[in-house]
Each structure stands twice: as C-alpha cells, then as structure tokens.
Amino acid sequence: MSVNSHVTIVGGGLGGLTLARVLHTRGIASTIYELDASPTARDQGGTLDMHEESGQRALAEAGLFEQFRALVRDEGEATRILDKNGHVHLDDDGEHGGGATRPEVDRSELKRILVESLPAATVRWGAKVADVAAVGEGRHVLTLTDGETIETAVLVGADGAWSKIRPLLSDAGPAYSGLSFVEAHLSDVDERHPAHAALVGPGSMFALSEGRGMIAQRNGDGRIRVYIAIQAPEEWVRANAVVEGDAAATRARLLGIFDGWAPQLAALIADSDDTLVTRPIYALPTGHRWVRRAGATLVGDAAHVMSPFAGEGANLAMLDATELAIALADHDDLEAALTAYETSMFPRSEEAARMSESSLITSFAPDSPEGLVARMREHLADDRA
C-alpha cells in the first residue's frame, strides 16, 4: 500500500488506537473518528491481562513495549477461585514457575500511552458517525452527526459491538449471551475496605455458583471492580436486579438474589460505591465472517465481539490492528492486504469465540466452580511445562 494512502478508522478504543499507532510507525497516515469527547470522557474499564502472543506483540510492534512494562502490575496475574460459601478452590500467585507471562495493566493507562504516541491531529474526538455509504470503486463516505462528510478509499470499523461499519460487510448482529453483569466499585480499598482487599488479593477473584457469580479485579488506582454476574434473561435482570437511579435499592435487590452466599462475598455488594452499571453480555455468532468487500474491513469487537470469559477481547483487538497495519504496509495492492489480514483473523477469532462460549458455560454450570478450576489447572500446567 502506498505510504501516501490515508486510512480512515471509526472507533478510538484499543483496536483503533493500536491500528493508528502501528500504521504511524510504518509511515502511513490515518484519522480516527471517535464519538467520545476525550480519552477520559467515560470510565475506561478495569484491568487487562496482556498476552505475549497478542497484546504484548502489538505493543512491541507499536514501539511501546517499554512504556507498557513501566505500567504493568505483575502481581495482578494472581487468580483465586472460590465457591459461593467462600471456600477457596484455587489460589495461584501468577508466577507460573518463572515470572508473570500475562501481566495486568489498567485499561485507562494503556489507552493513555497509545493516545500520547499519536500525532495530535490523528484522533477526532467527539466525531460521531451517523451514516456510512459505499460510493463505488471501493470508496465509502462517512457522514458525521454535525453534517460533515468524509470520503475514503480505506475504511476500518473499530467501533465495537454495535459497529456502524459492520452492516457494510455483514448482516450479523450481536445476540444476548444469557448473562448480565452489574458492575460495582469499591474505592480506596486498602484504607476503607482492608478485608475486601485481602479477600480479592492483588489480582482477580472468581466466586462462582450455578447461574450466579462475582468476578472481582484489583485495579491500580486503589479500587476493586466487581462484576456481579446473573445468568437470566436480560429483561429479568433489568426488572428484578436493578432500580435505575437508586443504588441502595439496587444493592438490596442484588443481596436478595445472592441470598445464602458467604457474608464476606455478599459484603462486596453491600459496601460498594453508588456507581452501579448494568452490562448485558452480547456476542456475535461464533465463526462470524464475511465476503470480501472492497475498501473496508473490521477489527476487534466490530468483527468478533464475544463474552469476556476467554480473556481475549482487548488482546484480539490489538492483534487484529497490528496484523492489519502490517498487511497494509507490506502490500502494494489494497485488496491483497485486506484479504491477507482477514484470512488469518477469521480462524483466530473463531477459536477464541468457541473458547469464550465454552468458558461461560463452564463457569456457571451446576458443578461450578469445579469445571473452571480444572481448566485453570490445565492452563497453569501448560504454562509451567
């Protein structure tokens, strides 16, 4: 692809930012259109484990590996798995016999170093896409909500589960997975909630039972983020677990749903801050792919949103972006570059989606958490081999 070509990216999450950064290192200009008003306009989410073969590779290709290493919390790889009675079934320190291989980093910090690595004009903050249309010969026109139009020969949808770009390529849309999270936070835990800090530990804690769960992450800002998991129809969760605008009433409902759980686990709900957010989990069909469409492609959740139970979402998005950028830089022909990228991306994302679907089922099965513990032990044995 000619270095004079310009890539248009819709979506300024980790995938879109990684794509722009790796393109920049290869001398290819891009513009990201992102609906958020700034990089910090909303909560950026919790902690991420960066995998060697995907997220860490992307950061190395982006020339940001040393900056990433300065931010990581190796101890954040520690994992505990409990049952609803508070009995510990697995307690792994994350060292895996030779040091952490999937170190944790706060998503907000990872996003920051990516944004700061780009030329100032690369990201158009507060630019929401209202419409996109094909205009022939592989070119597309974006229309923003303020009426501005942008014509491009290279269009990449990095705009997540509800992508505006995906309909150009595919009729598929995300379907509800059967699981919802209610996200809760506990702030300044070392001072205010030392017992909760000790329960969760320095990394992640999974407390699981049939159809219910609590997944807690220690973040680098002194917070614990708790994903309260309920396997039920989305409408049931909204009607029975949440009272919009009333945190106290929502906590009371959640405590009723988790009646019978160990007091120290129920306290993660009872003592949480007033910010409680419902997050239904959606997924595209496993093996989602499309017929090559001239001038356009997708990365990350726009291409293959799945449940978080494979731990691959951010890593896959960053690897997609990296491989796409390299393909664009290495090919003189645009369609050859996009074909090469999609040929490797489709089977990789299908494998991850199958693992994610299977892990979700295992996590909330009648024998939970035994199934997840068995999987984790196999994974740890592989790491130590």
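In whole percents, the pair-distance distribution calculated for region 175-283 from its alpha-carbon pairs, binned every 10 Å from zero, is 15, 50, 30, 5, 0. Taken about its Cα centre, the chain carries a charge dipole of about 480 debye when Lys and Arg each add +1 at the Cβ and Asp and Glu each add -1 at the Cβ. A straight Cα-to-Cα reach below 20 Å connects residue 111 with the lysines 128, residues fewer than 8 places away in its own chain not being considered. With Rh defined as the Kirkwood radius, the inverse of the mean 1/r over Cα pairs, the Rg/Rh of the chain is 0.97.
Translational diffusion of region 239-385, estimated by Stokes-Einstein from the Kirkwood radius over alpha carbon pairs at 10 °C in a medium of 1.306 mPa s, is 85 µm² per second.
Who wins for biggest fluctuation among 301, 171, 274 in a Gaussian network model of the chain, springs between alpha carbons below 10 Å? Sorting by GNM fluctuation, first place goes to 171. For region 213-255, the residues whose amide N sits under 17 Å from a probe point set 7 Å from the Cα of residue 273 along the beta carbon direction are 216-228, 245-248, 251. If the chain linking residue 330 and residue 375 were pulled fully straight, counting 0.36 nm for each residue of separation and taking away their Cα-Cα distance, it would gain 12.3 nm.
Quick one: among 296, 184, 195, which has the greatest mean-square fluctuation in a GNM of the chain with alpha-carbon springs under 10 angstrom? It is 195. The relative contact order of region 175-283, computed from alpha carbon pairs under 8 Å that lie at least 6 residues apart in sequence, is 39 percent.
Once you reduce region 200-245 and region 57-73 to the center of their Cα atoms, the two points are 29 Å from each other. Basic side chains Lys and Arg get +1 at the Cβ, acidic Asp and Glu get -1 at the Cβ, and with that the dipole of region 175-283 about its Cα centre reaches some 220 debye. Sorting 175-183, 125-133 by their mean Cβ neighbour count within 10 Å, with the most densely packed peptide first, gives 175-183, 125-133. Rounded to the nearest Hz, the phi-derived 3J(HN,Hα) couplings of region 110-126 under the Karplus curve 6.51 cos²θ - 1.76 cosθ + 1.60 (θ = phi - 60°) are 4, 4, 4, 5, 5, 4, 5, 7, 9, x, 4, 8, 5, 9, 9, 6, x, where x marks glycine and proline.
Using only the alpha-carbon atoms, how far is helix 334-363 inclined from the longest principal axis of the chain? Give it as 0 to 90 degrees, nearest 10. The helix 334-363 is inclined about 10 degrees to the chain. You can think of it this way: the chain between residue 249 and residue 60 has 63.4 nm of extra reach, that is 0.36 nm per residue less the Cα-Cα gap.
Taking amide H atoms as placed 1.01 Å from N in the peptide plane, the amide H of residue 29 lies under 5 Å from those of 7, each 5 or more residues away in sequence or on another chain. For residue 185, the residues whose modelled amide H falls within less than 5 Å of its own, excluding neighbours fewer than 5 places apart on the same chain, are 226, 273, 275. The HN-Hα couplings worked out from phi for region 145-155 by the Karplus form 6.51 cos²θ - 1.76 cosθ + 1.60 (θ = phi - 60°) are 5, 8, x, 5, 10, 9, 9, 9, 9, 9, 10 Hz, whole numbers, x standing for Gly and Pro. Cα centroid separation, region 17-43 to region 311-374: 21 Å. Taken along the Cα-to-beta-carbon direction at a fixed 7 Å, the label points for residue 133 and residue 339 span 3.0 nm. Highest mean packing first, where packing is the average number of other Cβ atoms within 10 Å per residue, the peptides 18-26, 285-293, 73-81 line up as 18-26, 73-81, 285-293.
Altogether, the Stokes-Einstein calculation at 4 °C and 1.567 mPa s, with the Kirkwood radius of region 179-228 over Cα pairs as Rh, returns a diffusion coefficient of 118 µm²/s. Just to be sure I understand: with springs between alpha-carbon atoms less than 10 Å apart, which residue in 41, 58, 248 has the highest mean-square fluctuation in the Gaussian network model of the chain? Largest GNM mean-square fluctuation: 41.
Over the chain, what is the relative contact order in percent, taking alpha-carbon pairs closer than 8 angstrom and at least six residues apart? It rounds to 22 percent for the chain.
Bear in mind that the values in this text are calculations on the coordinates, not laboratory data. For clarity, every value in this text was computed on a predicted model and none was experimentally measured. Cβ: placed from backbone, ideal geometry, glycine included. Neighbour counts: every protein chain shown.
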